[in-house]
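> Take a look at this one; I'll ask things after.
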Amino acid sequence: MATLYEGYTLCGVGPVQNSSNIGILGVEQGRDIDYVLVTDSSRSITVYKVSDQKPTGSWSVKQGQIISCPAVFNTQSQEYVVVTDDRVVRVWKEDDVNLEKAFKATVSADVLRVLSATDSEPVVLFCCGAVRFLDSLLASPQQPIEDVLTEDEIIRWSTIVKAEHQLVVLFSTEQRGEHCLYVQRFNPNTLVKHRIETEPGLSAPISFSATCRGSNIHLLYLYLNGSVYESVLPFRSSSTGAEGVQALSCSLCLSLPLGEEKLMSGAAVVLDEAHVAVIGFPHPSAGACKDYLCIWNTHFQTLQASKEMAGRIYSQLWCYSGKLYVPHGKMLSVIPFDCQKSSLAAAMGKLKQTSRSGKDFSVEIWNICPNVKSALTVDQLVEHIKTSAVEDVQAEVGEFIRRAPQADLQLAAGRVALELVSRSQTDANFYPQCAFLQLLETRYLCYSVCPELLSLAMVKKDFHLCQIAFQIFSDIPEAVTCACLKAILSTPDLEMETVNLDTDSVIFMKELTQAHSRSDEEGGQLNGFCPPALESDVSDTPSNKLQRDPLSLDMSCPVGLHKGALLNEVLQTAYSDRSLLPHLKDLTVPQVIVFLQYLRFLYFKYSHDAHKQIRALRTPSISQIIDWVCLLLDAHFTVLAVAPEAKRLVFDLHKFVRSQVKLYAELGKIEGSLQVLKNSKQSEDFGMYAIQVIELF
Amino acid sequence: MGEFKVHRVRFFDYMPSGIRALAFNRDIERIAVARMDGSVEVFHCSDRFFQEKIIPGREQCGIEGLSWVGERLFSAGLNGGITEYDLTNQKVKYTVDAYGGPIWTIAGNQQGTHLAVGCEDGTVKLFEVNEDKIQFERNLDRQKSRIISLSWHPSGSKIAAGMMDMIQIFNVETGHSVHRLLADRGVGTSRSKECVVWSVVYLSDGTIISGDSVGMVKLWDDQTGTLIKSHNVTKCDVLALSVSQNEDSLVAGTSEGTVVQFQFISMVLGKDDKEWVRTRTFKNHTHDIRAVAEITTAVVSGGMDAQLVVRPLLDKVEVRSAASALRKIHFPHRRLVSCARKSGLMLFQYPGHLELWRLGESEGKGMPGSSLFVKRNPEKLLHLKVKGEDHIRCSAVSPCGEWIVYSTASSLRLYRLHCDNNNVSITKISKLPMVLSSANQLCFSSDSSHLFSASTQSSVHLVSLSQSGCKFVGTLKPKSGERTIGFGVLHIIEDGKWLASANSDHEVHIYNLQTRKAHCTVPVYSSAVTAMGIHPTTNCLFMMYADQQMCEYSIEQKQYTDWSRMVQRKGLHRFWMERDTPCLNVMFNPQHPSHVILHDTYMLCIIDQSLPLPDDKTQFYNQLTLKSLPEEQRKSHSHAFKVCKTFKDILCVELMSDQSLVVVERPLEDVASQLPAPIKQKKFAT
C-alpha cells in the first residue's frame, strides 16, 4: 500500500512571464539526495536543502538573457551547468557568486537540454538530436554539430538513464503527428529510432517516465485518454545495430478513469515497479475536480493514495529519492511518499492499514475482460443494493454469485458484502439473510473483509448466520468471539430453540445428551446412526444407573441443544489465550457459571467416551474443552471462589479432575514400566564377547 | 547378499587420555592437542578434523602447555623441559631444560621470535627461537609465587602473567613488572583459599582478560591496572580462555564442563562503543575443560573426559555442511588393533604394553541376528610390557600369527611367537638390521615372509623373516627426490607384488616389490588418505579420504578405474558424505571380488561394485527395508552401499580368512565409567 505523507512547500513559483504555461523549467537532483536544483522560468537557479526547506544558493542571469534549459549538477566535477540563450553553456561552482564571472562557452548549435546522471559526465542534447558529452564539447565548443533529426522533427521529451555504469539517453520526437523514440547508447555510440505505435485515434503521449530495472529500461507514457502504456527496451543495444525505424512494442498497463471534463494535460512518473504517480487526472470518486495527485498500482489497477492539490496544476511532476515535487498554484510542493511491497491483500484493502482514512480510499474493480457477459456488473449491483428492496437484492446477489466468474467473484464478494452490511446498518428493515448466507458459502469472505457482518448478525440475533460465519471465518478476533459468546449465553434457551441451525451440529448435541443412557441400555447401537425422531422419548428417562456411579456425576446438559451447538462452534474457533483472557472477564457471573457447567458437561461426556460413537463433521476436541475450562477458571477465579452458586459446580469439577489425575498418575507408572521393558528388549547386553550372525541384504 | 559370523569384541580396555592443552595455528589450519599421557596430536581443521599426526608420549612427562611458533610446535611440562617436535617424522626433536622447576605454561609471541615459559620458581623465562634450536635469553623479574599462565601482548612488548591471587604485567624490554592486578578471593569459606589465575589473555587494545579459580572472568585495563568488569561464570574454576583472531569473541572453559562464549559487541545497535557481553553457553563435556581454542568458525574444547569437541559457531559458518557440524572425536584416527587373519589372533596396542588374544570359537549355526553358543572363550595369550619410558608408536602381528613387532620412538622390537597347545612363549629376535631402529608404521607381508617398516628417514625398508632371524633386503624409495613417509598407511597385497604407501603430504606411492622400484604415484588429492587396500585379484588400489570421498586406482593401468570415475561423476550420497568419522580400514572378500568392506566408528559398510550407486533420492540406509521385502523384490531396491549399523564405537573391523568378521568395539559408556568422578554439581534440590 502506498502512502502520500503530508507535504510542504519548498518555494514559490514565480509569475509566468512567457506563454509557455510553465512556472518552473525543471527540478534536478543536487549534490546529494537532500539537495535539489530548481530552475525557474524567469532567470534564476536556486539550490534547496529539502529537509530544511531552505535555499542554500541562488544564481541569476542578467536582464535580457534567458535560461533555456534546467540547470544540472555535475557530480563528478561538483559543478553546476546551465545553458542560456540556447547556445551559451555556463559552468560554475558552489562558491561562485556571480554567474557572469563563471566559465562560459558558446556552442555552434542550439542546445535542448543538459542531462546529468549521478557519477557520470553530463550529456548535452542538441535540438537537432545530436548528443555530446559535456567535457568533449567544452574542449572544442565550436565543433560542428550534425543534424540527426529531420527538419520539422521536434524533441518533445528527453531523459537519461544510468545503470551498470552505462548511460542511455532517451528522447521522443514529434513529426507531423508521428511520434518516435530515439535511444542513444554510448560506447559504442548507437542511435536507435523506434516508432511509438499505439491504437489509432490516440493523440500524442503527454508524459513520459523511464526507469531502469534489471537489464531493461521500462518506459511509461501517458495519453490524454487516460491510458498508460509501458514499453521495455533492452539496456544494452542489440549488436545488429539495425538501421531504420523499429516499431516499439508496448502494453497497456493502466487506464485511468476520466471525468466529464476534457483534459488538457497531465503527468505521470514511475515510483517503483508497481506504482506510478499521476497528476492532472480526476480522482475516481471525487467528481470533476481534477487537481489530484494519485498513486496507482499498475499490478492490481487500484488507486493507492491520493492528495488534493490546491491551485492550478502545471502538469509537471518530478520524483527524487522518495519525494514527489509538484508545482501547483503559486508554489512548489514536496510530498514524501512510501510505496510498500504490494500484495493483492493490500491492494484490495484486506490488510489492515494503520493510517487509512475512508475518504481517500477507494477500490476500483477493473474489468479486464469486459466481454464476459454478466447479468450485472459489480458497480451496477452495488448501486442496486443501495436502493432496491430486500427480495430484489437477494435475488440479484444470488444471480450475481451464480454468473460471475470465480476470479471476479473473489474480488467482488467483499465489496458486495460491505455494501449489504452498510445498508443493513442504516436501514433497520433491510436484512438480506439469504444473500449473506450465499456470500458466505462462496468462501471468499473472511472476517477482515467485512468485520461488521458478524456484529450485525449478533444485533439481529441471526444465530444461524453466526454459526456459519464461525465455521467459515478463521480470523475472528478474540474480542468478537467473546462478544458472540456473551450474546449466546445471554439469549434464553426458549428463544434459541426456534432458531434454524446447521443440522449436523444439532444432531451431535442430541446424540451427546442421550449417549450416556443409551450406552448403558444396550450395546447394539454402539456404532450405528440413530434417526433423530427416536430420541425425544429416551432423553427424559431418569437414569437410575447414574446413582451407581461412584462419583455420582451430574450428566444433564445445562443448556438447550441449540445453545449447545452454538457454544460448540465458539469452542472450535482459533484464539490466542493471552488476547482472549481480558475479554473473557466481561462475562457476568451467571454466564460464567452456565458456561462452566456446559464445559463440565462436555468434559464428563467426553471422559465417558460418549462422543466417540457420534458421527459429526465438527466436534470440539477434548483438549479444546480443557483449554477453555482453564481459561475460564483463570479469568474468573475470584468470582468462582466467592459466588455461592458456583460452589457445587466447582466441587464436582474438582472431584472429577482429581479422580482423573489419579488415573493418569497410575497410567504414568504403567508407561514407565512398559518403557523399561521396551528398553531392556532393545539392548540385550552380551558382555565382553559374543559371536553373532548378521545378515546384509 | 550374505551372512557373516561376527566376533564382537569388547574387552579391549583402551582408555583415551585426557586433553591437557590445545594450540591452534591459523596459518596452516592445524590444531595441536596435548594429552595427559604426554602424547601430542595434530588435527587438520579444514580437512574434517582428520588426525594427521600422533607423537606418542612418555612416562612421567606431564605436558602443561603447547605453543606454535610459525610452523614449529613446542611444549613445556612439569618435568621442567621445553620440547620441540619434529612434525614430519612425528617424534620429539629435542628437549631443553629451563632450570626453573616445573613449567606451568608456555607462550610464543606473535612475531615468532621468542618463547616465554612460566616456572614453579616464580620466573618468567624468555627463550629466543633460532633457526634450529631455542636459546635461553633472560629472566623477567622473579615473583614470589609460581607462574600459572602467560599471554603476550600482540605487539610483543608486554607480557601478562597469571599467578596466585594476582596478575603481573611485565615490560619485556626492561624485564620489570609494570602493574600488579590483584584478583579477589572467593567469599565465605573459600576466602582462605588462594585464587589461582588459571588463564590470561592479553588483547591488542590493552585489555587483559583473566579466568580464575573463583569462577570469574575479569577484564582489566593495562594502562591504569584497574578492573573494568567481571563476569561470574561458574561456581567452580575457569580453567581456560581463548580469544578469536580479530578479538571479537572469547571462550572460557570451566571445570563444570561448560564453554561460555563472550562477544565484543556494541550494546546499542549501530553505535560504536562495544563491550564484552556473555552470549552463549555450550555444554558438551562431562568433566573439567582443560583447554579451549576459538578457531575461526568453531570452538574446540577438550578436557578430562578425553574427547575433543568441535562446536561450530553457526553465525560464522557461511555454508552449513557436514564439515561444519558438531564433532566429537573420541578415538584416534588410526588402528590400535591388528589381527592375524589366518590364526585368529588379535594384538591390542596400549600406550605401555601389548596384549595378544586368541578369538573364541562357536558351535552350531544360528539365525541372522542371533548369538551363537561360545564353545571356547577368547583367551589372553600374552601381555608384553614395553621396555623404557617411551610409549608404543605402532605395532603389528603377522597374518600367520608367528611374529609380533612394535616400535617406540627410540627402539623397535621383533618377537617370534611359539604356540604349542596351551604353552605360549616368545623369543626376542636380536641383532636386528640397523635400519630397524625405529619405525613410523609397520606391516607384514600377507605370506608373513617379510616385514615392511616405514622409517623416519624417507622410505620403506624391506626385511625378510625366517626361522633363523631377519635380514635386510632393501629399501623402497619414491622416485621424486627425498620425501618423508610421515603418516604411513601401509599395505601389501596377496601375491606380494605391490606395495602402496601414503604420506602426510597426501601422496600415495606404489612400488613393485619384485623389482623393488617405485611403480607410480596416484594423483594427489586435497584430502588425506585415511585407509587403503589393494584388491587381491584386480590389483586395484582402493583409497578412502578424510572428506569421505573414495577412489579406486588401477595399478597396472596407472589410472582411475571406470567405477571410480562413475562414483566421482555421480557423486556420493548425502548421508555418506555427512558421516563424521573417517573410514579406518579397507578390506576385500576373496569370495566376492566385487565387494569392498569399510568401516568407521559407527558403521560397517560393504560396497558392492556391481550394484547401482544410490542417488540423493534413494533411501541410503535401506537394510531394514530390504529385510522386510520378499527375496525377489530386494534386487530392485538394493544399491551399492550396504551399511550395517548394528555396531557402534568401533575401533577395528577385520575380515579373517575363515570369512568371519572381527569387530572390536569400545563402548563410550565403558570409557565414561572409567573416568574419574566429575565435579559434584547440585542438581535441583538434591
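> Quick check: residue separation of A:Asp34 and A:Glu178 times 0.36 nm, minus the Cα distance between them. What number comes out in nm? Walk me through the numbers before you get to the answer.
Numbers: separation 144, 0.36 × 144 = 51.84 nm, distance 3.93 nm.
Gain on stretching A:Asp34 to A:Glu178: 47.9 nm.
> Indicate the gyration tensor shape class of region B:160-316 (rounded, prolate or oblate), computed on the Cα atoms with a ≥ b ≥ c the square roots of the eigenvalues: a/c under 1.5 is rounded; otherwise a/b larger than b/c is prolate and the rest oblate. Intermediate values should be presented prior to the final figure.
Details: a/c = 1.61, a/b = 1.14, b/c = 1.41.
In terms of gyration-tensor shape, oblate.
> When N is the residue count of chain B, what does its C-alpha Rg come to as a fraction of 2.2 N^0.38 Å?
Relative to the 2.2 N^0.38 Å estimate, chain B comes out at 1.03.
> May I ask you to compute the full-extension gain from B:Lys380 to B:Asp670, defined as 0.36 nm times their residue separation minus their alpha-carbon distance, rounded to one decimal in nm?
102.4 nm
> Kindly state, to the nearest 0.05, the FRET efficiency for B:Asp447 paired with B:Asp658, given R0 = 25 Å and r defined as their beta-carbon distance.
0.90
> Based on the Cβ-Cβ distance of A:Ser579 and A:Ala163, what FRET efficiency does E = 1/(1 + (r/R0)^6) give at R0 = 51 Å, to the nearest 0.05? Write out the running numbers ahead of the final one.
Numbers: r = 48 Å, r/R0 = 0.94.
After rounding to 0.05, the efficiency reads 0.60.
> Going by how many other Cβ atoms sit within 10 Å of their own, how do A:Met309, B:Met346 line up, fewest first? Present the calculation step by step, with values, prior to reporting the outcome.
Numbers: A:Met309 22, B:Met346 26.
Ranking A:Met309, B:Met346 by Cβ neighbours within 10 Å, fewest first, gives A:Met309, B:Met346.
> Fewest first, what order do B:Ser371, B:Ser455 take by the number of other Cβ atoms within 10 Å?
Values: B:Ser371 15, B:Ser455 22.
The order, fewest Cβ neighbours first, is B:Ser371, B:Ser455.
> For a label point 7 Å from the Cα of B:Thr88 along Cα→C-beta, name the residues of region B:510-538 whose backbone N is under 14 Å from it.
none
> Computed FRET efficiency, Cβ-Cβ of A:Lys460 and A:Asp272, R0 45 Å: what is it to the nearest 0.05? Don't skip to the answer; put the middle values down first.
Working: r = 45 Å, r/R0 = 1.00.
Efficiency for this residue pair is about 0.50.
> Mark the label point 7 Å from the Cα of B:Ser610 along Cα→Cβ and return the residues of region B:501-538 whose backbone N is within less than 17 Å of it.
B:536-538
> Could you give the Stokes-Einstein D for region A:409-504 in µm² per second, using the C-alpha Kirkwood radius, 4 °C, 1.567 mPa s?
Details: Rh = 13.7 Å.
D, rounded to a whole number, is 94 µm²/s.
> Among the lysines, select those whose C-alpha is under 16 Å from the C-alpha of B:Lys680, and discard any that sit fewer than 8 residues away in the same chain.
Filter leaves B:Lys235, B:Lys283.
> Under a straight-distance cross-link criterion of Cα-Cα below 21 Å, which lysines are reachable from B:Lys617, leaving out those fewer than 8 residues away in the same chain?
The qualifying lysines are B:Lys570, B:Lys627, B:Lys635, B:Lys642, B:Lys645.
> Right, next: Can you list the aspartates and glutamates whose alpha carbon is less than 13 Å from that of B:Lys497, not counting same-chain residues fewer than 8 positions off?
B:Asp447, B:Glu556
> Which net charge results for the neighbourhood of A:Asp34, defined as the other residues with beta-carbon distances under 14 angstrom from its beta-carbon, given Lys and Arg at +1 and Asp and Glu at -1?
+1
> Shape call for region B:7-138 from the C-alpha gyration tensor, a ≥ b ≥ c root eigenvalues: rounded (a/c under 1.5), prolate (a/b greater than b/c) or oblate?
oblate
> Something else: Could you put B:Ser199, B:Ser370 in order, starting from the residue whose Cβ has the fewest other Cβ atoms within 10 Å?
B:Ser370, B:Ser199
> Sticking with this one: So, in nm, how far is label A:Ile670 from label B:Thr226 when the simple model puts each one 7 Å beyond its Cα toward the Cβ?
Once both label points are built, they end up 7.0 nm from each other.
> Another one. Rounded, prolate or oblate: pick one for the protein assembly as shown, where a ≥ b ≥ c are the square roots of the eigenvalues of its C-alpha gyration tensor, a/c under 1.5 means rounded, and failing that, prolate if a/b is larger than b/c, else oblate. Kindly include the intermediate steps, with their values, before the conclusion.
On the way: a/c = 2.08, a/b = 1.37, b/c = 1.52.
Cα axes put the protein assembly as shown in the oblate bin.
> Considering the zone a paramagnetic label at B:Asp27 would reach in this model (a point 7 Å from Cα along the Cα-to-Cβ line), which residues of region B:110-137 have amide N under 16 Å from it?
Only B:110-115, B:129-133 fall inside the zone, counting backbone N under 16 Å.
> May I pose another question? Let me have the 222 nm mean residue ellipticity of the protein assembly as shown computed from DSSP H runs of 4+ only, each contributing -39500 (n - 2.57), with the sum over all residues rounded to the nearest 500. Let's see the in-between values first.
Details: 23 runs with 250 residues, N = 1383.
Calculated from helices alone, the mean residue ellipticity at 222 nm is -5500 deg cm²/dmol.
> Right, here's the next one. For B:Leu476, what is the net charge nearby, where nearby means another residue's Cβ is under 11 Å from its Cβ and Lys, Arg count +1, Asp, Glu -1?
Numbers: positive: B:Lys477, B:Lys479, B:Arg516, B:Lys517; negative: none.
Residues close to B:Leu476 contribute a combined charge of +4.
> Another one. Counting other Cβ atoms within 10 Å of each Cβ, which chymotrypsin sites (Phe, Trp or Tyr not before Pro) in region B:162-230 have at most 15 and sit in a DSSP loop? Display every interim value, and only then the final one.
Details: sites: B:Phe170, B:Trp198, B:Tyr202, B:Trp220; in loops: none.
Hits after loop and neighbour filter: nothing returned.
> Follow-up question, since we're still on this one. Subtract the Cα-Cα distance of A:Cys630 and A:Thr9 from 0.36 nm times their separation in residues, and report this length gain in nm to one decimal. Please list the in-between numbers first.
Values: separation 621, 0.36 × 621 = 223.56 nm, distance 5.90 nm.
Net length gain for the segment: 217.7 nm.
> If you don't mind, there's one more thing I want to ask. What are the trypsin sites (Lys or Arg not before Pro) within region B:578-663 that DSSP puts in a loop, where the Cβ has at most 15 other Cβ atoms within 10 Å? Show your work: numbers first, answer last.
Details: sites: B:Arg579, B:Lys617, B:Lys627, B:Arg634, B:Lys635, B:Lys642, B:Lys645, B:Lys648; in loops: B:Arg579, B:Lys617, B:Lys645, B:Lys648.
Listed in order of number, the matching sites are B:Lys617, B:Lys645, B:Lys648.
No lab work stands behind these numbers, since they all come straight from the coordinates. The shown structure was predicted, so the numbers you read here are calculated from the model rather than taken from an experiment. Here the Cβ is made from the backbone with ideal geometry for all residues, glycine too, and neighbour counts use every protein chain on show.
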